[in-house]
Amino acid sequence: MDASQNRSNKAALSGVVAATAASLCCIAPVLALVVGTSGMATTFSWMEPFRPYLIALTVLVLGLAWYQKLRSKKEAESDCGCAEDEKPTFLQSKKFLLIVTLFAGLMLAFPTYSEVFYSQPTKEIVYVSQSNIVKEVFVVEGMTCAGCEAPVENEVNKLDGIISVKANYENANTVVEYDKTKVDKAAIISAISSTGYKVVDK
């Protein structure tokens, strides 16, 4: 492997690492769901402030990898052509770099499609007396992106008597409408807390 190909591969792998690191705070809730340890959902939330820098780093190193890959091909074509062309290995190929680039793109876009990993519970249509419906806003700490909203909504929706639930990381809250004869505030707080995020008293 020549030096240019080597640099290209290192840049590509660095891009994957940076893209994965940029999405760790959003991937952790899904991993927590899969593993069954919902308390780990906020493990990487401290990385959220660094996400823009990690995204920029990903774009930079993948751009560098593509530049080196395309430049090395042009240099090879401009050689005298005396030596026989060696077929590059898969790790040296454009196909590998394309796969790495697509994977990095999927990692960076993860917050926008993370809700597909959460099944929406089927709710029976039940008529509730208007006097029994309560709308409560819970202040929730630790949500850092759209990927953090889905686990909160998923857990609260599992409770009986929930009419609607909408988590919002930008407002740091979760708005819940529920039937007070079937579920209480404490159960909702417990469901939110089980995801690893913290409900704060107003």
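Taking other residues whose beta carbon is less than 9 angstrom from the beta carbon of Asp160, and scoring Lys, Arg as +1 and Asp, Glu as -1, yields +1. Think of each Lys and Arg Cβ as +1 and each Asp and Glu Cβ as -1; about the Cα centre, that makes the dipole of the range 118-200 roughly 120 debye. If you take all other residues with their beta carbon under 9 Å from the beta carbon of Ile133, and give Lys and Arg +1 and Asp and Glu -1, the sum is 0.
Positive contributions from Lys and Arg (+1) and negative ones from Asp and Glu (-1), summed over other residues with Cβ under 14 Å from the Cβ of Leu102, come out at +2. Here the Karplus relation 6.51 cos²θ - 1.76 cosθ + 1.60, evaluated at θ = phi - 60°, turns the backbone of the range 137-145 into coupling constants of 10, 9, 7, 10, 9, x, 6, 10, 7 Hz, with x for every Gly and Pro.
Each reported figure results from applying straightforward, stated rules to the coordinates on display, with no laboratory input. Every value quoted in this text rests on a predicted model; they were computed, and no experiment measured them. With ideal geometry, Cβ positions are generated from the backbone for all residues, glycine too; neighbour counts draw on all protein chains shown.
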